[in-house]
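I'd like to ask you about the structure that follows.
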Amino acid sequence: MNPNKSYRDLELKTSLRNFFLNRIEEPIVLDLYCGNGEMFKRCYLKTKYQGIDRKTIHDEIICTKANNQKWVQKNEISYFNFIDLDSYANPYPLLFQILSKTFQEKIEVVLTDGVLISSKLTQKQGPTLAFINNIPRDFKIPLFNRFYKENILTLLLFIKKEYGYNCTYLSMDHNPKQTTYYIGMELKKQEGGQT
């Protein structure tokens, strides 16, 4: 592995998390896919924190070894105001599950979106973005990755419509090969929006 590549990715992830942490007075972090605790050590040491991962956890006191989807489904999550979804795959189904359960007026979300790597290989946009864009799942779109930012904007419109959250701040960056996006968003409940 190229050490410069992994260092840049780590720096992007760290700066994104620290930026969005600073937008909350008292962050209460739900770190899904917490792994070996690299982001905890770099960003979350001074926060109220709960880490979840089905494979590796870094601290048995503040972390739980569990399937993220099942844990979110079974547990009270409405008090978390900072969500970290570092899946390196498709984080959106889990994000939707969280948004359907939370009652926070404002929530900061950081995520690692790895959908691009599979879409570059298959020229398909994946099940979540296909659903949101109302396009057949197996429909091939040449050079789909060139329109990925626009797809994220469409995803934010879906979040507004389905869950009643407006995105009031968005930050997106990608790794050098544009196979992974690092996204941060501030979501605020709409006036008279869904409860």
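Only the coordinates and a few stated rules stand behind these numbers; no lab work does. Note that this is a predicted model, so its numbers are computed, not measured. Glycine also receives a Cβ, built like all others from the backbone with ideal geometry; neighbour counts cover every protein chain displayed.
Using each residue's phi in segment 81-92, evaluate 6.51 cos²θ - 1.76 cosθ + 1.60 at θ = phi - 60° and report the 3J(HN,Hα) Karplus result to the nearest Hz, with x for Gly and Pro.
10, 9, 10, 10, 10, 9, 8, 6, 9, 9, x, 6
Sticking with this structure for a sec: Between beta-carbons, use under 14 Å as the cut-off and find the net charge around GLN73, counting Lys and Arg +1, Asp and Glu -1.
Around GLN73, the surrounding residues sum to +3.
Ok, one more. Each residue of segment 43-49 in turn: what ³J(HN,Hα) in whole Hz from Karplus with 6.51, -1.76, 1.60 and θ = phi - 60°, glycine and Pro shown as x?
3J(HN,Hα) across segment 43-49, in whole Hz: 10, 10, 4, 9, 10, 6, 8.
How would you rank LEU187, LEU10, going from fewest to most other Cβ atoms within 10 Å of each one's own Cβ?
Going from sparsest to densest Cβ surroundings: LEU10, LEU187.
Hey, what's the Cα Rg ratio for segment 1-56 versus the globular rule of thumb, 2.2 N^0.38 Å?
Relative to the 2.2 N^0.38 Å estimate, segment 1-56 comes out at 1.20.
Sort ASP173, ASP59, ASP84, ASP53 so the one with the fewest other Cβ atoms within 10 Å of its own Cβ comes first.
If I rank by nearby Cβ atoms, fewest first, I get ASP59, ASP173, ASP53, ASP84.
I would also like to ask the following. Lys and Arg at +1, Asp and Glu at -1: add these up for the other residues within a Cβ distance under 13 Å of LEU45 and post the number.
Here the count lands on +2.
First measure r as the distance between the Cβ atoms of TYR169 and GLN69, then evaluate 1/(1 + (r/R0)^6) with R0 = 25 Å and state the FRET efficiency to the nearest 0.05.
According to the calculation, E is roughly 0.40.
At 0.692 mPa s and 37 °C, plugging the Kirkwood radius over alpha-carbon pairs of segment 35-116 into Stokes-Einstein gives what diffusion coefficient in µm²/s?
The calculation lands on 246 µm²/s.
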